[in-house]
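Comments concern the structure below.
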Amino acid sequence: MIALGSDDDVRATSRSDSHVIDLGGACVVPLGEGPEARWPPEAVLEVGGRADLAVLPSDPRGSDTPAGQRLSALAVVRGGRVVAGRLPGSGARVGHDAAPRAES
């Protein structure tokens, strides 16, 4: 994973050989060690770090999501590979290498 952010942020950091996936406004949150996305996240996403993340249909920050709540994910990515669900707008599904981009 090279970058997460707005279209401009991603274009400024991507290389010509980068595979960009537009998540269409979906939200990306980091995944901890467990199998499911929880709120608040148990981990931190870092550019250049391991790509363990969940793609959510909406941003949980603006809701009354209780602590420890399991989040419903559109896709789960571990180590840069889709391991559950499907990435919006890409057709990328289980087993697909992913380089997601999230809108901020």
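The values are calculated or read from the model by the stated rules, or taken from the named source; none is laboratory data. Remember, predicted model here, so these are calculated numbers, not experimental data. Cβ atoms come from the backbone with ideal geometry, glycine included; neighbour counts cover every protein chain shown.
Here is a yes/no grid of residues against (1) exposed (fewer than 13 other Cβ atoms within 10 Å of the Cβ); (2) of a type in the set (A, V, I, L, M):
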site	(1), (2)
D8	yes, no
S16	yes, no
H19	no, no
P35	yes, no
P41	no, no
L45	no, yes
Sort out which residues of region 6-30 are free of Cβ contacts under 8 Å to residues at least 40 places away in the same chain and assigned to a loop (DSSP other than H, G, I, E, B), and write them in order of number.
S14, R15, S16, D17
Kindly provide the set of residues from region 31-55 that are outside any loop (DSSP other than H, G, I, E, B) and under 13 Å from L4 (Cβ atoms), ordered by number.
L53, A54, V55
Going by the structure shown, is A67 of a type in the set (A, V, I, L, M, F, W, C), loosely packed, with under 13 Cβ neighbours inside 10 Å, in a loop (DSSP other than H, G, I, E, B) and more than 12 Å from the chain's Cα centre (by Cα)?
yes
Considering only residues that are assigned to a strand (DSSP E or B) and over 23 Å from R15 (Cβ atoms), look in region 72-104 and name the one that is modelled with the lowest pLDDT.
R93
